[in-house]
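Participant: Okay, here's the structure, questions in a sec.
All of the numbers you see were taken from the coordinates with simple rules; none came from a lab. Predicted, not measured: the structure shown is a model, and the values here were computed from it. All Cβ positions, glycine included, derive from the backbone under ideal geometry; neighbour counts span all protein chains shown.
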Amino acid sequence: MMPIFTARLLLAAAALIGLLLLAPMLSEAQETPPLPHQQWSFDGVFGTYDKAAMQRGFQVYKQICSACHPVKHLYFRDLQALGYTPDQVEAIAASDQCTDGPNDQGQMYQRPCRPSDPIPGPFPNDQAARAANGGALPPDLSMIVKAREGGPDYVYGILNGFKPAPAGFQVAPGKYYNEYFPGHQIAMPPPLSQGAVTFADGTQATVPQMAHDVATFLAWASEPMLDVRHRIGVRVFLFLIVGVGIFYAAKRKIWAPVH
Amino acid sequence: MADARPGIGTRIVRWIDYRLPFMATMEHELYEYPTPRNLSYWWNFGSLAGIMLVIMIVTGIFLAMQYTPSALLAFDSVERIMRDVNYGWLVRYAHANGASMFFAIVYIHIFRGLYYGSYKAPRELLWMLGVIILVLMIATAFMGYVLPWGQMSYWAATVITSLFSAIPVVGQGIVTFLWGGFTVGDPTLHRFYALHYLLPFVILFVVLLHLIALHRFGSNNPLGIDLKGPQDSLPFHPYYTVKDFFGLSVFLLIYAFFVFYDPNLFTNADNYIPANPMQTPNHIVPEWYLLPYYAILRSITFSLIGIPAKLLGVISAFGSLFLLFIVPWLDTSPVRSSRFRPIYKWVFWLLVIDVLALGWVGANPPQGIVVTVGQIATAYYYIHFLILLPLLGKIERPRPLPTSIAAAVLSSKTKVTAPAVSMDKP
């Protein structure tokens, strides 16, 4: 009885999962080509963030993306996770200006940032951001990898997806053609170009390299606890597998006389 | 009695138990509680659901200590939990994936009941209390999904609460009352938070009633026949406690996989975008466990005898749950277990496929073939409960039932193994 029942249920479950996986593909296939899948250091059960790639990615963010995009949920202190020492983090923070106050005179004032400060964004508010960007709002990047289907592949795809528009495709003024952007018209000009930054570790700053590094940095910004999660997960699994074994043995032993 | 057994109680325990018979009750309900000896692993899901409810309440209370239910702060407070609260990510992922696990368990539990006729006399109230728990779970899960105040939270709240506007005359007033304003907003979030905290305890109370009803006649079993004597049953402890613990440990492995290695599989990426009343997402999709109801709701694209399509859709979606509620009276067959019902056994699997199809329909934008499949699947769902179930009891010829559980268990041990197995082959 049971094996047949189980087999049918597994089949039904497989069919459901298949349908659920197929469904988004079917609906999106007409609009945009599938995102190119990249190898990420943080993929898989033992995946961790590549610190060197994150530092390069942070450099790309700092020198290019941060002109328009905030990372609202990040604090300077978080940057220690990229492999910076506390002193380095303090220096990075101090190179930015943060608004503090009000002081004794009731005035807000600027001072060098501290590690305990949130990383300040380029604009004081969304309206200012829109005004400076032709009405488009550059999204917060500290959540972008989790807030888009495809995650890091989406970020990588967009950064590499700028192409001349195909014949007959009308691109609105102030917009750019991007293969992987829904609707293909993105308000962001192509941000990366060969050699736009100089990496301290000698890595060639090609567009795919910078895109890969900044996507790694932004994946960390979205999910900073992934390293810890994966590490604890392995231990939890080992613990539970032992538990399954013990309970299975106990069940066999207790049920033996009545079977 | 507790004090009759040596070793179980010290004098203090006996003193208490004489006045408050807690140990004696536990002894009676766990140790002496006779349980059919032939329960399969499909009977693990009841206790699993109970444990999952406790996990949800415990993780939920810890989340509530850090969460802020205000439209301005909710999204950021959730991110704060994920980033800065010690093990906040673990508690939140356990809670969010726990909802999916809870529903998966409960759906298996319900389909098990449908397959083995667990709703039949004298367990009708037990079953109906179960359906009430399901309805409360749906309400709780929906309001919980709103709390992170992401795009899907906001728009799901808008779509689902707007359903009440389909009610004639008072509909719009009810919606305004539910929202606490003229749009989903801060008051809506506050009251959803309060109710999301309250309802799990209501569920806990109904679960208690469910257990009292269960312990009145005990579990149904894969043969669907009553216990005839002590040889048919085993004490719940240790036989089923150890079996439940084994099942629990396997379940926790699956649960842990999602929490640690794919925590966002069941959520929509859009919900990591803060709620924006000015921008509607492309596809508003509920969580997977609500997709079949959503599919039924959207499948009614026509009005009937003066009832507008929207109201008819709402009635059909709620009706799908109401049909479950009255199943004990829709199924006219005196035989409980599908093992002895040659036709119903197949009809049951058609219903499973039908519900999976409805789930697929709910996940997709309602265009082209999706609409047709949705309408056929919706019609079949109603045909199953309103026509097939009452009819089968009349026309189906059940196979002969075994004389007792012990006889069946004993015979399958010795020589009659082969027919017992082939009986279930398709």
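Participant: Inside 10 Å of the C-beta atoms of B:279-292, what's the mean count of C-beta atoms belonging to other chains?
Facilitator: Counting other chains' Cβ atoms within 10 Å and averaging over B:279-292 gives 1.
Participant: Take B:ILE108 and A:ASP100, extend 7 Å from each Cα along the Cα→Cβ direction, and tell me the distance between the two endpoints in nm.
Facilitator: Simple spin-label model gives 5.6 nm for this pair.
Participant: Quick one: putting +1 on the C-beta of Lys and Arg, -1 on the C-beta of Asp and Glu, what dipole do you get for the protein assembly as shown around its Cα centre, in Debye to the nearest 20?
Facilitator: With Lys and Arg at +1 and Asp and Glu at -1, about 2660 debye.
Participant: Work the Kirkwood hydrodynamic radius out for chain A: mean of 1/r over every pair of different alpha-carbon atoms, inverted, in Å.
Facilitator: 22.1
Participant: With the contact rule set at Cα under 8 Å and sequence spacing of 6 or more, what percent relative contact order holds for chain B? If you can, show how the numbers build up before the last one.
Facilitator: Working: 486 pairs, mean separation 90.6, N = 426.
Over chain B, the number comes to 21 percent.
Participant: A further question follows. Please tell me which of these pairs span more than 30 angstrom C-alpha to C-alpha: A:LYS253/B:LYS120; B:LYS243/B:LYS345; B:LYS228/B:LYS345; A:LYS253/B:LYS345; B:LYS243/B:LYS394?
Facilitator: Too far apart for the 30 Å limit: A:LYS253/B:LYS120; A:LYS253/B:LYS345; B:LYS243/B:LYS394.
Participant: Any idea what the dipole of chain B comes to, in debye rounded to 20, about its Cα centre with Lys/Arg Cβ at +1 and Asp/Glu Cβ at -1? Working shown, then result.
Facilitator: On the way: 27 positive and 20 negative charges, 258 e Å.
The calculated dipole for chain B is roughly 1240 debye.
Participant: Can you pull a Stokes-Einstein diffusion coefficient for the protein assembly as shown at 4 °C (1.567 mPa s), Rh from Kirkwood over Cα pairs, as a whole number of µm²/s?
Facilitator: 45
Participant: Find the cysteines in the protein assembly as shown that fail to meet the 4.7 Å Cβ criterion with every other cysteine, and list them.
Facilitator: A:CYS65, A:CYS68
Participant: Next question. Percent relative contact order of chain A, based on C-alpha pairs within less than 8 angstrom and at least six residues apart?
Facilitator: Details: 309 pairs, mean separation 61.0, N = 259.
Here the relative contact order equals 24 percent.
Participant: What number, in percent, do you get for the relative contact order of segment A:89-190 if the mean sequence gap of Cα pairs under 8 Å and at least 6 apart is divided by its residue count? Working shown, then result.
Facilitator: Details: 103 pairs, mean separation 14.6, N = 102.
The normalised contact order for segment A:89-190 reaches 14 percent.
Participant: Right, another one. Which three numbers, in whole Å and largest first, are the semi-axes of the equivalent ellipsoid of segment B:224-383 derived from its Cα gyration tensor as √(5λ)?
Facilitator: Sorted largest first and rounded, they come to 36, 28, 13 Å.
Participant: Determine the calculated [θ] at 222 nm for chain B from helices alone, applying -39500 (n - 2.57) to every DSSP H run no shorter than 4 residues and normalising by the residue count; nearest 500 deg cm²/dmol. Walk me through the numbers before you get to the answer.
Facilitator: Details: 18 runs with 261 residues, N = 426.
Dividing the helical sum by the residues of chain B leaves -20000 deg cm²/dmol.
Participant: Mind putting a number on the dipole of segment B:161-306 about its Cα centre? Charges go on the C-beta only, +1 for Lys and Arg and -1 for Asp and Glu, and I need it in Debye to the nearest 20.
Facilitator: That gives a dipole near 260 debye.
Participant: A further question follows. Taking the Cα centre of segment B:38-418 as the origin and placing charges on Cβ (Lys, Arg +1; Asp, Glu -1), which of B:HIS384, B:PRO292, B:PRO274 is farthest toward the positive end of the dipole?
Facilitator: Toward the positive end, the furthest listed residue is B:HIS384.
Participant: While we're here: In vacuum, with every alpha carbon of chain B counted as one equal point scatterer, what does the Debye formula give for log10 I(q)/I(0) at q = 0.08 Å⁻¹? Two decimals, please.
Facilitator: -0.54
Participant: Further question: Can you list the chymotrypsin sites (Phe, Trp or Tyr not before Pro) in segment A:145-198 that are in a DSSP coil and have 15 or fewer other beta carbons within 10 angstrom?
Facilitator: On the way: sites: A:TYR154, A:TYR156, A:PHE162, A:PHE169, A:TYR176, A:TYR177, A:TYR180; in loops: A:PHE169, A:TYR180.
Answer in residue order: A:PHE169.
Participant: Students often forget the sequence filter, so: which aspartates and glutamates lie under 20 Å Cα-Cα from A:LYS251 once same-chain residues fewer than 8 apart are removed?
Facilitator: Straight-distance partners of A:LYS251: B:GLU32, B:ASP232, B:ASP244.
Participant: Spelling out what I want: for every residue of segment B:246-262, take phi, set θ = phi - 60°, compute 6.51 cos²θ - 1.76 cosθ + 1.60 (Karplus), and round to whole Hz; glycine and proline get x.
Facilitator: Coupling constants for segment B:246-262: 4, x, 4, 5, 5, 4, 4, 4, 5, 4, 5, 4, 5, 4, 8, 10, 8 Hz.
Participant: For segment B:277-330, place one equal point scatterer on every Cα, skip the solvent, and apply the Debye formula. What is log10 of I(q)/I(0) at q = 0.30 Å⁻¹?
Facilitator: Computed log10 I(q)/I(0) values: -1.07.
Participant: At 222 nm, what value in deg cm²/dmol follows for chain A if DSSP H runs of at least 4 each add -39500 (n - 2.57) and the sum is divided by all its residues, to the nearest 500? Don't skip to the answer; put the middle values down first.
Facilitator: Numbers: 7 runs with 112 residues, N = 259.
That calculation yields -14500 deg cm²/dmol at 222 nm.
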